[in-house]
């Protein structure tokens, strides 16, 4: 299968079949600040600096290094990829629909299957499912784009159309397990 790439709304890339790359067996080192590090508690990644908590995927998923990703996994077998990208650098307000559109730069022959606004962890999000072509391969993508305070959160699942449904329920549990914490950057109030 050819090398595939999906771009995040802020420039990161997803490499769904990254086993071809040396060093892709280990998640990239966590970016941490001295006062608010990332840590794993009871199977959840908690990032106090970026203001979220999310369950780690297990049972047939391995952590994967993905450029720009806060957290990424690849299914074995199958090659599907689930990833979380977080960016707290937006200086100008950009709508969720524009953020969602930017997520799919580089995909040709895009066809949006569904796109709707939902509530995710108490904040507005845009959920998009689309099909398209990356390089020479057909792909199907499910993404959730949310923003809270200064941070934008992209939860993305990429697979071939033939294997898309195989791991989609696990990705949906991954998405539903994402919650905001009290320390979301740019928020003046605490979340209870």
## Note on the structure
When residue 107 is run through (1) at pLDDT below 95; (2) under 29 Å from residue 46 (Cβ atoms); (3) surrounded by 16 or more Cβ atoms within 10 Å (Cβ to Cβ), the failure sits at (2)
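Please enumerate the residues belonging to the range 172-192 that are modelled with pLDDT under 55 and touching a strand residue (DSSP E or B) at 6+ places or on another chain (Cβ under 9 Å).
Going through the range 172-192, the residues modelled with pLDDT under 55 turn out to be 186-192.
186, 187, 191, listed by residue number.
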### Query
Do the conditions hold for residue 75, that is, is it surrounded by fewer than 13 Cβ atoms within 10 Å (Cβ to Cβ), within 18 Å of residue 164 (Cα to Cα) and touching a residue at least 24 places away in the same chain (Cβ under 8 Å)?
no
### Message
Between 125, 82, which is more than 21 Å from residue 67 (Cβ to Cβ), surrounded by 21 or more Cβ atoms within 10 Å (Cβ to Cβ) and touching a helix residue (DSSP H, G or I) at 6+ places or on another chain (Cβ under 9 Å)?
### Response
125
### Message
Take the residues in the range 128-147 that are at pLDDT below 95 and under 15 Å from the mean Cα position of the chain (by Cα); name whichever of them is surrounded by the most Cβ atoms within 10 Å (Cβ to Cβ).
### Response
146
### Task
Quickly run through the range 36-47 and pick out the residues that are modelled with pLDDT under 90 and either under 11 Å from residue 178 (Cβ atoms) or crowded, with 19+ Cβ neighbours inside 10 Å (or both).
none
### Message
Of everything in the range 85-122, what is touching a helix residue (DSSP H, G or I) at 6+ places or on another chain (Cβ under 9 Å), under 30 Å from residue 59 (Cβ atoms) and either touching a residue at least 60 places away in the same chain (Cβ under 8 Å) or not in a strand (DSSP E or B) (or both)? Give them in sequence order.
### Response
121
### Query
residue 156 fails exactly one of the following numbered conditions: (1) at pLDDT 95 or above; (2) part of a loop (DSSP other than H, G, I, E, B). What is the number of that condition?
(2)
### Task
Identify, by number, the condition in (1) in contact (Cβ under 8 Å) with a residue 24 or more places away in the chain; (2) outside any strand (DSSP E or B); (3) at negative phi that residue 68 doesn't meet.
(3)
### Message
Take residue 114 and tell me if it is surrounded by fewer than 23 Cβ atoms within 10 Å (Cβ to Cβ), more than 16 Å from residue 174 (Cα to Cα) and touching a strand residue (DSSP E or B) at 6+ places or on another chain (Cβ under 6 Å).
### Response
yes
### Query
When you go through (1) within 13 Å of the chain's Cα centre (by Cα); (2) at positive phi one by one for residue 177, which number turns out not to apply?
(2)
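The values are calculated or read from the model by the stated rules, or taken from the named source; none is laboratory data. The structure presented is a predicted model; accordingly, all values stated were derived computationally and were not measured. Quick reminder, even Gly has a Cβ in these numbers, built from the backbone with ideal geometry, and neighbours come from all protein chains shown.
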